[in-house]
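What follows draws every value from the coordinates through simple rules; no lab data is involved. The model shown is predicted, which means the values in this text are computed figures rather than measured ones. Every residue, glycine among them, receives a Cβ derived from its backbone with ideal geometry; neighbour counts consider all protein chains shown.
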Amino acid sequence: MLGHAQRLRPAVIGLTVLLIASMFPVFSAISANAQDQDLGLVEEGSLTVATSPDYPPAEFIDAEASGADSFTGYDMDLARELANRLGLEFSPQQASFDTIITDLAGPPLGQQRADMAISSFTINAQRQERVNLIPYFRIGESLLVPSGNPNGIDSVDDLCGRPVAVQNGTIELDELQDANGEGTGESGQDPVCESDPVQILSFDTADQAIAQVINGRAEASYQDDPVTGYYTSQNPGQVEVGGITVEPAAVGIAVRKDNPALETALRDALAAMMADGTYLDILDRWGVTSGACGDAECTTGAGGTPAASPEASPAS
């Protein structure tokens with residue numbers, strides 16, 4: 001009997017291994033495939049991710065953490081999971097928002113500072129000329145005003161003649177310049193303030209811009225809607241949402257046009273995250289599932305609602 005049991009043991013062990021293998025997550029295949037390819041990475045074994053970490057709840061710095069762990073927010077958690085599924089170390093890199101795409105697309109492949117960028121980039125034709133953008137979320141735009149909205153600011157038209165704070169490099173800045181009749185006209189915003197221009201106060205970071213509303217130097221700030229909501233919740237009784245100016249449109253992960261291997265690997269990993277529920281779990285942790293994509297191209301929201309056309313949508 002003992003000998004019979006010993007002969008059965010290899011078969012039992014083999015069956016156990018097969019069962020475990022069948023239960024192993026699908027991303028193991030993605031990881032293996034990614035490691036077998038030349039992804040043109042800046043640093044072997046790492047996914048270097050450029051971001052402007054001043055845009056909570058999407059990307060910001062946790063002062064109580066250090067290194068890569070200090071980069072937090074739903075964008076950072078999504079990027080962290082993408083790196084994990086590719087079998088790579090997550091290596092975030094702080095960058096200025098208005099230079100991220102130039103730094104990613106400009107140098108020869110392998111000499112750029114980052115492999116990809118995620119920083120709430122709404123997809124538009126201007127950006128698509130420089131990089132490819134992988135849709136992953138939907139964001140609208142809104143105004144932040146002092147509590148009680150004493151100046152009745154509900155739209156861009158209400159900003160004429162008023163001091164308004166905004167971050168450099170964003171479409172919100174482009175819209176304000178176009179509203180004044182001083183921009184390129186590419187944002188889609190009509191020059192409604194040409195005779196009484198908006199007093200534009202521009203800053204390198206979103207938190208600097210929003211601070212102007214809190215300290216009374218600006219009557220409003222203009223940014224993506226999740227950011228408005230975050231600062232409203234963090235400053236109760238001081239600020240509130242002044243109005244939704246642009247309905248949600250797709251935002252994308254920026255990758256180089258000459259690195260299809262990395263782009264394909266990222267798209268496959270993101271699709272797997274959407275399929276197994278990890279994508280929604282991450283968004284749920286940050287309370288932003290309303291911006292979830294309902295399909296791989298983000299043509300619908302999670303509930304099946306149509307998304308705005310990427311070509312026509314303004315961007316952060």
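The stretch between I244 and E64, if pulled fully straight at 0.36 nm per residue, gains 61.5 nm over its current Cα-Cα span.
For V239, the residues whose modelled amide H falls within less than 5 Å of its own, excluding neighbours fewer than 5 places apart on the same chain, are S147. Applying 1/(1 + (r/R0)^6) with R0 = 45 Å to the Cβ-Cβ distance of Q111 and D196 gives a FRET efficiency near 0.45.
For a paramagnetic label modelled on D204 (point 7 Å from Cα along Cα→Cβ), amide N atoms under 16 Å away belong, within the stretch 169-185, to 169-170. Multiplying the residue separation of A261 and D284 by 0.36 nm and removing their Cα-Cα distance gives an extension gain of 5.3 nm. Our summary of shape: the Cα atoms of the stretch 106-163 have principal axis extents of 52, 24, 20 Å, ordered from largest down, in whole angstrom. DSSP beta bridges confined to the stretch 119-250 are antiparallel in about 60 percent of cases.
Relative to the 2.2 N^0.38 Å rule of thumb, the stretch 141-248 has a C-alpha radius of gyration ratio of 0.95.
Inter-label distance, E182 to S155: 2.3 nm, where each label sits 7 Å from its Cα along the C-beta direction. For F203, the amide hydrogen comes within under 5 Å of the amide hydrogens of V166, Q167, N168, counting only partners 5 or more places away or on other chains and with H modelled in the peptide plane.
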